[in-house]
Amino acid sequence: MAEKAKKALKLPESGQWPDSVVPIALVGAAVFLVAGFLMAFLYASPVNGAALSEPVLVGDQMVTNVQLLSQKIFYFHMPVALVSFGALAFAGFYSVRFLMTKEQRFDTCTKIAMEIALLFVVLTMITGEMWTRFEWGLWWTWDPRLTTYLILMIIVIAYFILRNAIDDPERRATYGSVIAIIALVDVPICYMVTRVIPSSIHPVVLREGGMTGDMGMTVAVVMIGMIMLGFVLYRMRFRQVRLTQRVEAIKEQLED
Amino acid sequence: MSVTVKRPSTFTQYKTLLVKDLRQEFRTKEMLTSMGIYALLVLIVYGAALAQTAQVFDILQMSGGLLWALIVFTSLLGLNRSFTAEKEQGCLEGILLVPLDRSVVFLAKATSNLLFLLVVEIITIPLFYFFFLTSTTPSDSFWLIVVPLVVGTIGVAGIGTLLSTITINTRGKDVMLAVLFIPLIFPLLYACVSATTAAIVGGDLFMETFTMSLALAAGYDVIMVLLSWVLYDFVISV
């Protein structure tokens with residue numbers, strides 16, 4: 001009987017306090033992202049591109065350069081990339097926690113953080129590809145950030161392939177955590193190696209102060225929206241997976 | 001009458017495990033022959049792949065990359081094999097029953113993989129030179145490619161041993177090792193190709209690129225081997 005009570009305590013729990021924040025965060029994400037989208041096109045000033053052969057009158061202003069519409073990609077590209085880093089950092093944190101405690105809960109956390117990371121990494125790749133095509137005029141270049149992101153994406157995909165190839169849950173969790181930790185150490189090295197060896201053509205936006213106030217504002221709004229979106233997706237997926245595990249555990253208990 | 005058994009030192013354990021691997025290889029010659037033949041076959045493929053261009057373009061600039069592509073694919077084959085025998089013949093269970101520090105197992109296995117890879121490289125690099133570089137004049141610093149080769153192979157053996165221990169227990173392990181190994185080895189590969197090419201091509205600025213790339217490769221080695229060493233306990237104990 002005592003054993004049974006102990007087992008009942010071990011049911012995978014879900015629905016902690018962050019779940020109650022989810023609806024608010026969801027609304028917040030929608031509001032901020034829509035506002036960010038509108039701001040990117042209406043509020044942030046256009047950026048000058050190549051010089052025109054002769055000045056043109058647009059509205060009541062003389063324009064001497066091409067106004068780059070493609071630069072708007074940047075307002076979504078950077079926040080998405082930063083959120084993907086955040087998700088990966090969480091995945092790394094939870095995999096260390098798993099190896100420390102061997103609690104299945106942390107493995108679920110790692111897996112879901114990785115899923116969110118994969119989503120945002122792919123979004124970064126798509127927006128980044130659009131950027132290289134329209135801003136730099138080429139589809140692909142082995143630039144440090146592109147290379148690193150490609151490697152990062154492949155490692156995250158490899159993480160899921162590895163998980164699918166193992167049946168035993170404990171082994172799957174351990175191997176997954178080990179790979180997640182190695183990958184997170186590998187990616188910064190990859191960035192450094194590709195950055196130091198050839199010259200880079202990526203603008204270092206934040207450090208050199210290449211953004212004006214209105215651009216910074218727009219990025220900040222989209223950033224908040226994306227963080228909220230990432231959080232909402234994470235919590236909802238976590239809740240779903242944990243409830244599935246809980247149902248499985250209860251079923252097993254009833255069978256005993 | 002009491003019998004006292006002295007506990008073997010860590011170094012003795014390491015030496016025993018290493019000698020076991022070497023002896024097994026010496027008797028079967030399984031890994032060295034398969035890796036050597038595979039490397040030779042890749043060289044033949046290169047011969048066909050470069051046949052139409054050899055007269056026109058500068059092979060020296062590409063040779064660093066070609067050499068490292070050869071090493072990566074050959075080491076994939078070897079690493080896949082390195083735990084198969086242990087698993088099939090139940091040797092791994094035996095080792096795990098012995099009360100020894102798990103990281104010793106890692107170090108011994110990594111060392112034996114490193115030695116096999118180096119032997120294969122000693123055979124294939126003269127062959128590579130023979131097939132592709134005799135018609136050209138590499139720079140005087142050509143012999144310096146030994147340094148990136150050793151540094152790179154240490155990293156390949158270190159991380160490869162950890163990954164092959166992981167993939168030995170998965171479905172479709174051959175593909176799985178490649179899927180994990182190639183992206184994780186990428187920074188090392190990039191730095192080593194840069195250092196090797198710098199040594200082969202030479203020129204005024206070669207020393208700068210060479211030392212920079214080597215420093216990065218060595219940094220990768222130190223970090224990754226230490227990390228693999230720490231994490232190995234988790235991997236092999238499950």
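The values are calculated or read from the model by the stated rules, or taken from the named source; none is laboratory data. None of the values given here were measured: they were computed from a predicted structure. All Cβ positions, even for glycine, are placed from backbone atoms using ideal geometry, and neighbour counts span all protein chains on display. We work out accessible area using only protein heavy atoms, side chains counted, and drop any ligands, DNA or RNA first. Shrake-Rupley method; radii C 1.70, N 1.55, O 1.52, S 1.80 Å.
Every residue in segment A:232-254 that is over 27 Å from A:Ala117 (Cα atoms) and open to solvent by 80 Å² or more (accessible area, probe 1.4 Å), please.
A:Lys251, A:Glu252, A:Leu254
For residues that are part of a helix (DSSP H, G or I), over 26 Å from B:Ile185 (Cβ atoms) and not hydroxyl-bearing (Ser, Thr, Tyr), scanning just segment A:123-168, find the one that is farthest from the other protein chains (Cβ to nearest Cβ). Spell out the reasoning first.
Quick first cut of segment A:123-168, residues part of a helix (DSSP H, G or I) only: A:123-136, A:144-164.
Okay, now just the ones that are also over 26 Å from B:Ile185 (Cβ atoms), so A:123, A:126-127, A:130-131, A:133-136.
Checking the rest, the ones that are also not hydroxyl-bearing (Ser, Thr, Tyr) come to A:123, A:126, A:130-131, A:133-136.
Working: A:Leu123: 20, A:Ile126: 20, A:Met130: 24, A:Trp131: 22, A:Arg133: 24, A:Phe134: 27, A:Glu135: 25, A:Trp136: 21 Å.
Out of the qualifying residues, it is A:Phe134.
Pairs please, first residue from segment B:150-167 and in contact (Cβ under 8 Å) with a residue 12 or more places away in the chain, second anywhere and of a type in the set (Phe, Trp, Tyr) and in a helix (DSSP H, G or I), Cβ atoms under 7 Å, 6+ apart in sequence or on different chains.
Sorted first by the residue in segment B:150-167, then by its partner, the pairs are B:Gly155/B:Tyr220; B:Gly160/B:Phe181; B:Thr161/B:Phe106; B:Leu162/B:Tyr232; B:Leu163/B:Phe181; B:Ile166/A:Tyr175.
Here's a check for you: in segment B:184-198, which residue that is of a type outside the set (A, V, I, L, M) and within 9 Å of another protein chain (Cβ to nearest Cβ) is nearest to A:Ile157 (Cα to Cα)?
At the first step, the residues of segment B:184-198 found to be of a type outside the set (A, V, I, L, M) are B:186-187, B:190, B:192, B:194, B:196-197.
Within this subset, residues satisfying the condition of being within 9 Å of another protein chain (Cβ to nearest Cβ) are B:186-187, B:190, B:194.
Values: B:Phe186: 16, B:Pro187: 18, B:Tyr190: 21, B:Ser194: 27 Å.
For segment B:184-198, the residue satisfying everything is B:Phe186.
Is it fair to say A:Ser84 is surrounded by 20 or more Cβ atoms within 10 Å (Cβ to Cβ), closer than 30 Å to A:Ala249 by Cα and modelled with pLDDT of 90 or more?
Answer is no for this residue.
It is to be established whether one or more residues within segment A:148-158 are at pLDDT 90 or above, among the small types (Gly, Ala, Ser) and farther than 30 Å from B:Lys173 by Cβ.
No, that holds for no residue.
Restrict the check to segment B:50-65 and report whether at least one residue is closer than 22 Å to B:Ala157 by Cβ, in contact (Cβ under 8 Å) with a residue 12 or more places away in the chain and open to solvent by less than 60 Å² (accessible area, probe 1.4 Å).
There is at least one residue in segment B:50-65 that is closer than 22 Å to B:Ala157 by Cβ, in contact (Cβ under 8 Å) with a residue 12 or more places away in the chain and open to solvent by less than 60 Å² (accessible area, probe 1.4 Å).
What about B:Leu17, is it under 29 Å from B:Ile95 (Cβ atoms) and hydrophobic (A, V, I, L, M, F, W, C)?
So B:Leu17 fits the description; yes.
Checking the condition of a type outside the set (Gly, Ala, Ser), more than 7 Å from chain A (Cβ to nearest Cβ) and within 16 Å of the chain's Cα centre (by Cα), which residue from B:Val222, B:Val175, B:Val201 passes?
On the way: B:Val175 fails: within 16 Å of the chain's Cα centre (by Cα); B:Val201 fails: within 16 Å of the chain's Cα centre (by Cα).
Exactly one residue qualifies, and that residue is B:Val222.
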